[in-house]
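Let me begin by presenting the structure, written as structure tokens, before commenting on it.
The values are calculated or read from the model by the stated rules, or taken from the named source; none is laboratory data. None of the values given here were measured: they were computed from a predicted structure. So basically every Cβ, Gly included, is an ideal-geometry build from the backbone, and we count neighbours across all protein chains shown. When the accessible area is computed, the model is the full protein with side chains, heavy atoms only, and any ligands, DNA or RNA have been set aside. Shrake-Rupley method; radii C 1.70, N 1.55, O 1.52, S 1.80 Å.
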Amino acid sequence: MDFDNLHQILANLYQEMLPLCGNMIGIAKGLAGLGALFYVAYRVWQALSRAEPIDVFPLLRPFAIGLCIMFFPTIVLGTINAVMSPVVKGTHSILETQTMDMKEHQRKKDELEYAARVREGKAWLVDDETYDQKMKDMGILHAPEIISMWGERLWYDIKTWFREVVRDFFELLFNAAALTVDTIRTFFLIVLSILGPIAFAFSVYDGFHSTLTHWLARYISIYLWLPISDLFSAVLARIQLLMLEADLQQLSDPNFIPDSSNGIYIVFLIIGIIGYFTIPTVAGWIIQSGGAGAFGSAVNKTAAKAGGIAGGVAGSVAGNVGGRLLGR
């Protein structure tokens with residue numbers, strides 16, 4: 001099973017479903033337009049009731065958000081993806097470099113292990129042609145030796161087969177964990193992309209201003225799952241590379257006999273399986289929005305403004321006192 005093709009299919013799926021966010025733009029424009037009407041009317045009425053000049057700059061916020069909604073695939077998604085794509089490509093190149101080095105070291109290790117078996121005088125354990133030729137060279141008088149060699153070869157093949165089965169099983173789980181994280185990431189990005197205009201539209205309304213920052217934080221955080229996954233895989237590949245370098249140093253000793261055990265490799269596969277599911281937590285450490293504190297601050301500001309309006313009706317002095325009390 002080629003997992004690289006599956007990851008590429010997920011990447012193509014995201015690109016194909018990205019234009020579907022255009023279906024939500026019409027609904028979002030209606031919501032944003034209604035919110036902009038309330039937003040501007042409330043602030044103009046507030047300034048007139050206080051006999052204050054109208055501050056035009058804050059009134060541009062809903063229009064800026066409306067512009068982002070109208071050109072959401074280009075301005076919002078296009079800009080974020082263009083900025084974040086180099087991060088994904090950079091981390092993937094790091095992973096590819098470590099993987100290529102690991103494959104080269106593994107090839108050298110296999111050659112040295114075969115040479116060590118030849119020095120040991122048991123090349124027939126790992127080479128079928130040598131085993132067959134040795135069996136042909138021995139006659140009936142070497143029956144005990146033939147049975148001993150056959151039993152040793154059979155036991156070696158059983159151990160090798162069992163180790164390969166266990167290794168393939170954990171490699172399958174390891175690749176499945178990576179594919180699971182990538183699939184969930186793609187699903188979340190598609191949902192955020194399609195419903196993004198709706199989130200932007202709600203951010204126009206008072207009390208929902210933090211929706212915009214939350215959406216941006218969630219999108220960027222989930223987008224970073226893939227580069228973090230590549231970095232994690234690169235770290236594991238680097239660890240395996242260092243282990244292979246240590247094995248190569250040992251195999252360079254003519255007196256060293258290899259063990260052929262994959263126990264440490266399987267342990268790191270298990271660590272990798274567990275580690276993949278910590279990627280969302282790590283991404284949350286890198287990108288984090290203001291959270292509930294921002295929403296509470298918005299509520300407090302709204303309460304202070306409401307107190308200012310009530311004070312303006314009752315009188316300037318009472319309005320100042322009421323605005324301060326409500327602002328607290």
- [ ] Tally the residues that are under 18 Å from F268 (Cα atoms), open to solvent by 60 Å² or more (accessible area, probe 1.4 Å), of a type in the set (A, V, I, L, M) and over 21 Å from the mean Cα position of the chain (by Cα), restricting the search to region 155-213.
- [x] 1
Task: Checklist (1) modelled with pLDDT under 80; (2) open to solvent by less than 30 Å² (accessible area, probe 1.4 Å); (3) in a helix (DSSP H, G or I) applied to P258, failing item - done: (3)
Open item on the list: I'd like to check something: does region 116-133 contain any residue that is modelled with pLDDT under 70, hydrophobic (A, V, I, L, M, F, W, C), out of contact with any strand residue (DSSP E or B) (no Cβ under 7 Å at 6 or more places or on another chain) and more than 27 Å from S252 (Cβ to Cβ)?
Closed with: no
- [ ] Identify all residues within region 177-192 that are small (G, A, S) and modelled with pLDDT of 90 or more; write none if there are none.
- [x] none
Task: Residue check for E16: open to solvent by 50 Å² or more (accessible area, probe 1.4 Å), of a type outside the set (S, T, Y) and not in a helix (DSSP H, G or I) - done: no
Open item on the list: Consider region 1-13. How many of its residues are part of a helix (DSSP H, G or I), open to solvent by 60 Å² or more (accessible area, probe 1.4 Å) and among the aliphatic types (A, V, I, L, M)?
Closed with: 2
TODO: State all residues of region 55-88 that are more than 26 Å from D206 (Cβ to Cβ), without any contact (Cβ under 8 Å) to a residue 40 or more places away in the chain and of a type outside the set (S, T, N, Q); if no residue qualifies, say none.
DONE: G78, A82, V83, P86
- [ ] Residues being open to solvent by 50 Å² or more (accessible area, probe 1.4 Å) and either small (G, A, S) or under 18 Å from F38 (Cα atoms) (or both): count how many of those fall in region 59-91.
- [x] 6
- [ ] Answer yes or no as to whether G272 is open to solvent by less than 50 Å² (accessible area, probe 1.4 Å), touching a helix residue (DSSP H, G or I) at 6+ places or on another chain (Cβ under 6 Å), at pLDDT below 65 and assigned to a helix (DSSP H, G or I).
- [x] no
